[in-house]
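Asks: My questions all concern the structure below.
The values are calculated or read from the model by the stated rules, or taken from the named source; none is laboratory data. Source: prediction; values computed, not measured. Using ideal geometry, Cβ is built from the backbone for each residue, glycine included, and neighbour counts are taken over all protein chains shown. Each accessible area value is taken on the protein alone, full model and side chains, heavy atoms only, with ligands, DNA and RNA left out. Shrake-Rupley method; radii C 1.70, N 1.55, O 1.52, S 1.80 Å.
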Amino acid sequence: MKRILLTLIGLLSSCLVVYASTEIDSLLKELDKTIADRKLYTSIKEQKIDDIKKVLTTQSSLDEQFHLHKKIIEEYQSFICDSALVYIDRNIAIAKVLKNDIYLAESKLKLAFVLSLSGLFTQAREVFDRIEYHKLPQYLKALYCWDYIRYNENLLKYTDNPTYEHIYVKENQRYRDSLMHMLGKDTDMYLKEKSFKLKGEGAYAESAQILTALFKQEEPGSHSYGMSAMALSMINRALKNTDLEVMYLLLAAITDVKLAVKENESLLTLAIHLHKNGDVNRAYNYIQASLEDANFYNSRFRNAVISRTQPIIEATYLAKIEEQKKNLRLYALTLSVFVIILIFTLYFLYKQVKIVSRARKNLKQINTQLISVNQKLDEANLIRERYIGYYINQCAVYLDKLDDYRKQVNRKIKAGQIDDLQKLTSSTRTLEKDAQELYEHFDSTFFEVYPNFVEEFNALLREEERYQLKKDQLNTELRIFALIRLGITDVNQIAIFLRYSIQTIYNYKSKVKGKVLADSDNFEDKVKKIGGFEAK
């Protein structure tokens, strides 16, 4: 059964390794971004603590103050140890005033725990020794054992001396056995301690199985999630599952930074691992961040641990920078030689290209001018064809009308119909009719040349000012600008053709310009481009 279990664990680990290797790159990028935003997460943490402190100022009950102090201590114990110690001392004072032995014992245990985190191991041991263990209730005895185990683990890392290692390990085994004896076997805390016990005994696979199951129950982003990820990283290191070790280490580091946990070992451990595997830049950045966190927390213990590794990583980083500088100088020298050769080559090419470019530029200008001239000629030819035909026809029509008019006048003179002749010559009806026909023929011919004139003209006006006319018909205002489009810009000529005064023509033009969308000064230039021929 045990062999089958180990086989299943091995298969599960293999699957996780494949998954982990694909996650590491994205997690490294996320950690880099998270570290860059450390100030933001620190400010969020400080705001959370300030909110609790504001509630504290409204409480007069010592009991309520004690519990609010506990919340503040929980926030400070992994953030700023000195501040945590201040509020622990306040709770000890409150416990003494209330004569509450449970509060007092609980506060002293918290004091010993924070002292061990900050590296004050002698003071922490004195606090442990002054606590009367046998008088503690069961749950505080369990907490005493748990705190003492953490104390021994930190002391072990701080001393880093194999001579004393077996003493701390043996003492931890004894306290862990006592702790597990007091815990329910189905509790998460019991299972965690069991996994640590199995790890200490070398049963890494069984320990990993328990920790993996517990990790899945943790809420991502919580402090316990980060601690579980760190524990899984350590057990996978023992199992030599490097990818899983790094993946869980990254999850722990990301969580710690986001929660502003300044007392953490994940960044330090990750920096050491990356340094060994050649990622010197990240190792340097992470060890610097870890050192800054330790200084912020004011942890003598963590500073001492970091000081063993930080100079080595920094020296490697500086050596790499120096090597890069040497390579850069060599590359710069080589590049300079190539640049000099390239400059001479380009100089000769430039002279040739300049000649060709000048010729192309001149040719392009000539082509542009030819295209413009051709467009104008095409348009002029079309206008000429339409209007020459139109005016030849109109001249013939008016000659016929003039001859008919002459004959009619002659008949009335011979017949002595002087009154009828006077009526005929004084009436303007015929003239107005002829003028109307002239304009209608003009409009019809104009629309043959510029069929979309009205639509394009309206596009230059505000929407509410646009003209709605019958098909192929212009009004006086549009007829003025139609003549301008044909090239007749002399106001006097326009006035004669339309049979208006020059001032009236100016008034019409001003009225239309008041309707344009914008830039009325260039309005006539835009009208002259309506229906222009496209470049060929």
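Asks: Got a number for carbon plus sulfur as a percent of region 295-351's accessible area, 1.4 Å probe?
Replies: Ligands and nucleic acids excluded, carbon and sulfur give 72 percent.
Asks: Would you be so kind as to identify which of 339, 287, 233 lies farthest towards the positive end of the dipole of region 233-356, taking Lys and Arg as +1 and Asp and Glu as -1 on Cβ and the Cα centre as origin?
Replies: Sorting the options by dipole projection puts first 339.
Asks: Can you give me the distance in nm between label points at residue 159 and residue 46, each placed 7 Å from the Cα along the Cα-to-Cβ direction?
Replies: In this crude spin-label approximation the distance works out to 3.9 nm.
Asks: Which whole-Hz couplings ³J(HN,Hα) result when phi for each residue of region 236-251 is put into the Karplus expression 6.51 cos²θ - 1.76 cosθ + 1.60, θ = phi - 60°, listed in order with x for Gly and Pro?
Replies: 3J(HN,Hα) across region 236-251, in whole Hz: 6, 5, 5, 7, 6, 8, 4, 4, 5, 4, 5, 4, 5, 5, 5, 4.
Asks: Beta carbons within 10 angstrom, averaged per residue: use that to sort the peptides 39-48, 116-125, highest first.
Replies: Highest mean packing first, the order is 116-125, 39-48.
Asks: Additional query: Ignoring any ligand, DNA or RNA, what whole percent of the accessible area of region 49-166 comes from carbon and sulfur when the probe is 1.4 angstrom?
Replies: For region 49-166, the apolar C and S fraction of the accessible surface comes to 53 percent.
Asks: Another question, if that's okay. Just want to confirm a number: the relative contact order over region 77-230, from Cα pairs under 8 angstrom separated by 6+ residues, in percent.
Replies: 14
Asks: Using a 10 Å cut-off on Cβ atoms, rank the peptides 434-447, 278-291 from the highest mean neighbour count down.
Replies: 278-291, 434-447
Asks: Mind checking which aspartates and glutamates have their C-alpha under 16 Å from residue 513, skipping anything on the same chain fewer than 8 residues away?
Replies: Cross-link targets: 456, 463, 464, 465, 477, 521, 524, 525.
Asks: Show me, for region 87-98, the HN-Hα J-couplings you get by feeding each phi into the Karplus relation (A = 6.51, B = -1.76, C = 1.60, θ = phi - 60°), rounded to Hz, glycine and proline as x.
Replies: Using θ = phi - 60°, the values come out as 6, 5, 4, 5, 5, 5, 5, 5, 4, 5, 5, 7 Hz.
Asks: Arranged from highest to lowest average of other beta-carbon atoms within 10 Å per residue, in what order do the peptides 103-109, 456-462 appear?
Replies: My ranking of the peptides, most packed first, is 103-109, 456-462.
Asks: Can you send over the solvent-accessible area of residue 239, 1.4 Å probe, protein chains only, in Å² to the nearest 10?
Replies: Counting only protein heavy atoms, residue 239 exposes about 50 Å² to solvent.
Asks: Mind ranking 312, 484 by accessible surface for me, highest first, 1.4 Å probe?
Replies: Result of the area sort, largest leading: 312, 484.
Asks: Measuring from label point to label point, each 7 Å out along Cα→Cβ, what is the residue 352 to residue 222 span in nm?
Replies: Once both label points are built, they end up 7.5 nm from each other.
Asks: Hey, another quick one. Under 18 Å from the 7 Å Cα→Cβ point of residue 71, by amide nitrogen: which residues of region 82-105?
Replies: 84, 87-88, 90-91
Asks: Further question on the same structure: What is the dipole size for region 193-251, taken about its Cα centre, with +1 at each Lys and Arg Cβ and -1 at each Asp and Glu Cβ, in debye to the nearest 20?
Replies: The calculated dipole for region 193-251 is roughly 140 debye.
Asks: Measuring from label point to label point, each 7 Å out along Cα→Cβ, what is the residue 344 to residue 166 span in nm?
Replies: Label-label distance for residue 344 and residue 166, simple model: 7.7 nm.
Asks: Protein chains only, probe 1.4 Å: how do 156, 211 rank by accessible area, largest first?
Replies: The ordering from most to least exposed comes out as 156, 211.
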